[in-house]
1. Give me the one-decimal Kirkwood hydrodynamic radius in Å for segment 222-272, with the sum taken over alpha-carbon pairs.
2. So, with +1 on the Cβ of K and R and -1 on the Cβ of D and E, and no other charges, what is the size of the charge dipole of the chain about its Cα centre, to the nearest 20 debye?
3. Could you provide, to the nearest whole Å², the per residue accessible area of segment 1-88 with probe 1.4 Å?
4. With springs only between Cα atoms under 10 Å apart, run a GNM on the chain and tell me which of T23, T217, T206 wobbles the most.
5. With a length cut of 24 Å (Cα positions projected on each helix's long axis) and a Kyte-Doolittle mean of at least -1.0, go through the chain and give me the DSSP H helices that pass.
6. Using Cα pairs under 8 angstrom and six or more residues apart, how large is the relative contact order of segment 144-272, in percent?
7. Anyone know which of F184, F171, F20 comes out most mobile in the 10 Å Cα GNM of the chain?
8. For segment 1-111, what is the charge dipole size about the Cα centre, in debye to the nearest 20, if Lys and Arg each add +1 at the Cβ and Asp and Glu each add -1 at the Cβ?
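The values are calculated or read from the model by the stated rules, or taken from the named source; none is laboratory data. Note that the structure is predicted; figures quoted are calculated from it, not measured. Virtual Cβ from ideal backbone geometry, glycine too; neighbours counted across all protein chains shown. Ligands, DNA and RNA are stripped out before the accessible areas are found, and what is left, the full protein with its side chains, is counted by its heavy atoms. Shrake-Rupley method; radii C 1.70, N 1.55, O 1.52, S 1.80 Å.
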Amino acid sequence: MSRRIAVGDLLVDLEVPEDFTTTFTDSGSVLFTRGPVAYEVSTLTLEGDEGAEDLGVRHVHHVAVGEVSRGGAAVVATDGEAFFAGLGNRVLIATLTCPEAEQLEASAQLRQMLGTAALAHDTFGPATESPQFSHLRDSQQPWLEHARASLRATLGWEAAGLIPPEELDGFWADLQVEPPDAEFAEQLVTELAVAFGDHLVAAGFTWGVAKDLYGTTLAVMAMEATARVLVDPRDFVSKRWHRKEGPFFAEALQAIRERVAAQARDWARRLN
């Protein structure tokens, strides 16, 4: 049965056997279970300067031990421990838990399921210059909550409310002096992007899934009924990380708030 499921920040269509139940974990992964058999699926975004559109596919080929198969849009393989499905620049990572006697059959079924994965565009039609936008599904909230909690733990931030932009800028400056390893850096960029998006939501934006000419992404939008001001927090923060820019949170948030205020004034004049 085809299900449209949020795996972290990624919305996918996946053919899941009808007798499996679906649970969303606090870490943003998805757990498919049937008796003692459990598949846990999470997602990874890969970035690069060239050929970014197929980095996930290339990653699967790189880690593969044995057969690499293609099922529709996805390329599927295993490294001997986990299973991988490459979709453009994204990778679905699946782990299997089951009794040893069922491992062969469960592994084959997991590979088959991953081979049905396809990037979902919700009810979006063909890409247009004007961004298409849909509000978050409940299944995407655990991923956001995990990113928020993880960043707070890293910063040791225990106060209620949003982490202030000045605190984010200070942390960003420290990261430029002592950069973490690449994998942890990408995790931090994602978590900082969520913090950035949350500040925009506090200023009147809404979290959702957006599609435009550049692809489908988790984004925030303001003035949905009029000016449709769209910001992709992950892309916004990631570009500044890879360009090794200095702290920007406070300044950028203020600039975006001013932009939205100007758009609101302009639309008020038009409507009047």
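1. 12.5 Å is the Kirkwood radius here.
2. Dipole magnitude for the chain comes out near 1060 debye.
3. Here the residues of segment 1-88 average 47 Å² of exposed surface.
4. For the chain, modelled as a Gaussian network with Cα springs under 10 Å, the answer is T23.
5. 182-202, 249-271
6. Rounded, it is 25 percent for segment 144-272.
7. Per the Cα network of the chain with a 10 Å cutoff, F184 tops the list.
8. Roughly 200 debye for segment 1-111.
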